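Below: one structure, written as structure tokens.
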Amino acid sequence: MMLKNMSAELIDRLTVVAEFRDTGTGFHNSRMGRYAKVMSQALSMPEAFVEAVNFASPLHDIGKVGIPDTILLKPATLTEAETEIIKKTYLHRGTGALRIVLSLHPDGGIHRIEPS
């Protein structure tokens, strides 16, 4: 139970960090976490799946943390080079961060769960 609480606290703090990087989206990451949980419950997914979605989904934008402010907060259209930086950075940093955080999940990681 203590590990679960620590993991949840870490997710909450990382979500806040991601939201600080792009304040224009409000509490988008937190909302997406709640929506994902409600939708998975409405689809009658197994409880382990609902918990895993609730645990990980607020971090879906964590890759923003590695994108330079000059690109992330740019008010104009991005150049092709800037778009490529976003694609590479977002995916690489986001995947790395999620692997670390998901390894802290009480089940030892998130596993594929098929709908019942």
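The values are calculated or read from the model by the stated rules, or taken from the named source; none is laboratory data. Being a predicted model, the structure only gives us computed values, none of them experimental. Cβ sites come from the backbone with ideal geometry, for glycine too, and all protein chains shown count toward neighbours.
Can we say Ala81 is small (Gly, Ala, Ser), part of a helix (DSSP H, G or I) and under 20 Å from Ala8 (Cα atoms)? Quick ask: steps written out before the conclusion?
Values: small (Gly, Ala, Ser): yes; part of a helix (DSSP H, G or I): yes; under 20 Å from Ala8 (Cα atoms): no.
No.
Which of the residues spanning the range 58-70 are surrounded by 18 or more Cβ atoms within 10 Å (Cβ to Cβ), part of a loop (DSSP other than H, G, I, E, B) and within 10 Å of the chain's Cα centre (by Cα)? Break it down into steps so the answer makes sense when it comes.
Initial filter on the range 58-70 (surrounded by 18 or more Cβ atoms within 10 Å (Cβ to Cβ)): 58-59, 61-67.
From what is left, the residues that are part of a loop (DSSP other than H, G, I, E, B) are 61, 67.
Selection gives Asp61 alone.
Can we say Phe55 is among the aromatic types (Phe, Trp, Tyr), within 20 Å of His28 (Cα to Cα) and surrounded by 18 or more Cβ atoms within 10 Å (Cβ to Cβ)?
Against the criterion (among the aromatic types (Phe, Trp, Tyr), within 20 Å of His28 (Cα to Cα) and surrounded by 18 or more Cβ atoms within 10 Å (Cβ to Cβ)), Phe55 qualifies.
Within the range 17-52, which residues are at pLDDT 70 or above and closer than 24 Å to Leu73 by Cβ? Walk me through how you get there before you give the answer.
Residues of the range 17-52 at pLDDT 70 or above: 27-52.
Once the filter is applied, which keeps residues that are at pLDDT 70 or above and closer than 24 Å to Leu73 by Cβ, the range 17-52 yields Phe27, His28, Asn29, Ser30, Arg31, Met32, Gly33.
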